[in-house]
1. Under 21 Å from ASP49 (Cα atoms) and either over 15 Å from the mean Cα position of the chain (by Cα) or touching a residue at least 12 places away in the same chain (Cβ under 8 Å) (or both): which single residue out of GLY93, GLY124 fits that description?
2. Under 6 Å between Cβ atoms, which residue pairs at least 6 apart in sequence (or on different chains) link something in the stretch 143-170 that is without any contact (Cβ under 8 Å) to a residue 40 or more places away in the chain with a partner that is open to solvent by 40 Å² or more (accessible area, probe 1.4 Å) and of a type in the set (Asp, Glu)?
3. Considering the stretch 234-248 alone, what residues qualify as being modelled with pLDDT of 95 or more and either of a type in the set (Ser, Thr, Tyr) or open to solvent by 50 Å² or more (accessible area, probe 1.4 Å) (or both)?
4. Test PRO88 against the stated conditions and say whether it is in contact with a His (Cβ under 8 Å, 6 or more places away or on another chain) and either closer than 25 Å to THR148 by Cβ or not basic (Lys, Arg) (or both).
5. Of everything in the stretch 162-199, what is among the hydroxyl-bearing types (Ser, Thr, Tyr), part of a loop (DSSP other than H, G, I, E, B) and modelled with pLDDT of 90 or more? Give them in sequence order.
6. Could you count how many residues in the stretch 34-60 are open to solvent by 50 Å² or more (accessible area, probe 1.4 Å), within 21 Å of LEU154 (Cα to Cα) and among the β-branched types (Val, Ile, Thr)?
7. For the stretch 62-75, check the following and say yes or no: at least one residue is touching a residue at least 40 places away in the same chain (Cβ under 8 Å), in contact with a helix residue (DSSP H, G or I) (Cβ under 7 Å, 6 or more places away or on another chain) and part of a helix (DSSP H, G or I).
8. Among the listed residues SER145, SER72, which satisfies the condition of being over 14 Å from the mean Cα position of the chain (by Cα), modelled with pLDDT of 95 or more, polar (S, T, N, Q) and open to solvent by 40 Å² or more (accessible area, probe 1.4 Å)?
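The values are calculated or read from the model by the stated rules, or taken from the named source; none is laboratory data. Since the structure is predicted, the reported quantities are computational estimates derived from the model, not experimental observations. Glycine gets a Cβ as well: all are built from the backbone with ideal geometry, and neighbour counts include every protein chain shown. Ligands, DNA and RNA are stripped out before the accessible areas are found, and what is left, the full protein with its side chains, is counted by its heavy atoms. Shrake-Rupley method; radii C 1.70, N 1.55, O 1.52, S 1.80 Å.
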Amino acid sequence: LTIPYAMKVSDHMFHDHEKHATQRLTLTGALAVSSNTGAIQVGQLLGADTLYSYLTKFGIGSQTGSNLPGESAGLLPVRSKWSGTTMPTVSFGQGYSVTAMQATSIFATIANDGVRVTPTVIAGTQDAQGHYTPAKSTNGVRVISADTAKQMRLMMESVVSAQGTAPGAAIPGYRVAGKTGTAQRVDPITGKYSGYTASFIGFAPADQPKYVISVTIQGPQGLHWGGLLGGPVFKEVMSYVLESKHIPPTNTKVAPIPLNAK
């Protein structure tokens, strides 16, 4: 991909978060540095209809089915209401809203070989006699192929590399995959953007995922990048989980996917 700092789509100019000279990156490279203009080009390749289809299949715009009280469905404009700037905006993560549960579910789907499972907070129940009954498992729905999910996991490992946006999320001895998020927040009173939401969602071990952890920081002051703020929190929590659950260090190694294109 040829990644410019800014590009015009419809009647609007879109740009990356930091000014840079035009770059030649692979798709993995564009993901690693969280390029908005790179994401727009991917959206253009998919087309608005396919992009909208994947968003809905991953659960954007609908409740997760967790049955938690007060859960929001988020906001996703119906396809018929999309304007000329909706597709590029949605491609890099603006123009719609998701809950932390929805966002985490997307990563869990990729970690689960492309099968989306309804999240639950109840592992099971125990009666007065101490008999434990596990909660009924729900049938999964395939969103992407297992091969695509595997490729996505490999690509997402680049995000926690030294060249990515979240090197602070890397855990020595383990392969980690994830993605940063730096979203502009909408003020419910004015209806305009005000402040940020920083996030990092990832899973480990990346080759055989066991756990997904989502870190969300609302209204950070000063620095507001998801990688700088959420990455270290993820590392601390996931390190504890891997140790306490006796998950052995990753034994597999894989050659890193090139980030720069020729």
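1. GLY93
2. Correct list of pairs: ALA146/ASP113.
3. LYS235, GLU236, VAL237, SER239, TYR240, GLU243, SER244, LYS245, HIS246
4. Yes, satisfied.
5. THR165, TYR174
6. Adding up the residues that qualify gives 0.
7. For the stretch 62-75, residues touching a residue at least 40 places away in the same chain (Cβ under 8 Å), in contact with a helix residue (DSSP H, G or I) (Cβ under 7 Å, 6 or more places away or on another chain) and part of a helix (DSSP H, G or I): absent.
8. None of the other options fit; the residue is SER145.
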